[in-house]
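One structure below.
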């Protein structure tokens, strides 16, 4: 027969856990709203910048070899717009620093590992740039030789400044020829209950066939003050913004996943409390019955 004190202790422990998970669910819900508002606020700028890049690339700007020296690799637009023979792909894997988000990080890591295998089967090497401690801890056990950079303890609220640092380092690897393509593995946020792990191609820039069809109408685009000045400003903006947008998508999805995980944990705790309460009542009833039987048997013995 289960010990009543042990069952009561377990009920108290689960109740304390339930309080914690309920509080974490409420915190995650508030963070989801804030992150979703940030995502919606960034969408118009990102969409317009993407549209500008489509129009710009449809004009097919002539890129000639230039002797101009650039302090930052991300400003080296002639190299960033070149398409080279594909030998190595740089992959930015975006995960979180914290856990308790269900299968969120596991899904991103699994997608990264599948992408690496796809590339290796094609004879292409992969180099990893990992954002988030969870992704780094998971991938360093299996893909440690492929990790070039990892970024942890970034601000809880994504900032363009932090993302521009990542953009510069990835651009530097691209310009130096260490990688020939840049991809981003992030989590696309659909709603609080739905998000999807996706692979985005950042460099070289490839747009839809509809953009190419409209090349004739956009080919007479005028560049002021000149083509070089426009490209040198717009290319770094585009690369940094795509990384920033991918991070916001991932952060919003992470908080939504954490909210769902904590909601499930709270519900599971509630169900466990019900089961333990039933076990406690059964054990208490059995204890009372046993005590009554002992009293009756003692009375019968005295009568005899």
| message | Let me confirm something: among 81, 92, 100, which residue is modelled with pLDDT of 85 or more, surrounded by 12 or more Cβ atoms within 10 Å (Cβ to Cβ), within 29 Å of the chain's Cα centre (by Cα) and at negative phi? | response | 92
| Residue check for residue 73: at pLDDT 80 or above and closer than 30 Å to residue 100 by Cβ | no
| Boolean, residue 134 is surrounded by 15 or more Cβ atoms within 10 Å (Cβ to Cβ), within 18 Å of the chain's Cα centre (by Cα), modelled with pLDDT of 90 or more and not in a loop (DSSP other than H, G, I, E, B) | yes
| field | Unmet requirement for residue 114, which otherwise passes all of (1) at pLDDT 90 or above; (2) surrounded by fewer than 17 Cβ atoms within 10 Å (Cβ to Cβ); (3) closer than 21 Å to residue 166 by Cβ | value | (3)
| Lone qualifier among 87, 19 - being surrounded by fewer than 15 Cβ atoms within 10 Å (Cβ to Cβ), more than 23 Å from the chain's Cα centre (by Cα), modelled with pLDDT of 85 or more and within 28 Å of residue 111 (Cα to Cα) | 87
| In the stretch 149-168, which residues are farther than 15 Å from residue 242 by Cβ and part of a helix (DSSP H, G or I)? | 161
| field | residue 206, sole failed condition from (1) exposed (fewer than 15 other Cβ atoms within 10 Å of the Cβ); (2) farther than 15 Å from residue 81 by Cα; (3) at pLDDT below 90 | value | (2)
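Regarding residue 63, is this residue touching a helix residue (DSSP H, G or I) at 6+ places or on another chain (Cβ under 8 Å) and at pLDDT 85 or above?
The answer is no for residue 63.
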| task | Considering every residue within the stretch 177-187, establish whether at least one is surrounded by fewer than 23 Cβ atoms within 10 Å (Cβ to Cβ), under 17 Å from the mean Cα position of the chain (by Cα) and at pLDDT 90 or above. | result | yes
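Hey, can you tell me all the residues within the stretch 131-155 that are over 17 Å from residue 115 (Cα atoms) and touching a residue at least 24 places away in the same chain (Cβ under 8 Å)?
Of everything in the stretch 131-155, those that are over 17 Å from residue 115 (Cα atoms) and touching a residue at least 24 places away in the same chain (Cβ under 8 Å) turn out to be 132, 133, 134, 152, 153, 154.
The values are calculated or read from the model by the stated rules, or taken from the named source; none is laboratory data. All values reported here derive from a predicted model rather than from experimental measurement. Methodologically, a virtual Cβ is constructed for each residue, glycine included, from the backbone with ideal geometry; neighbour enumeration extends over all protein chains shown.
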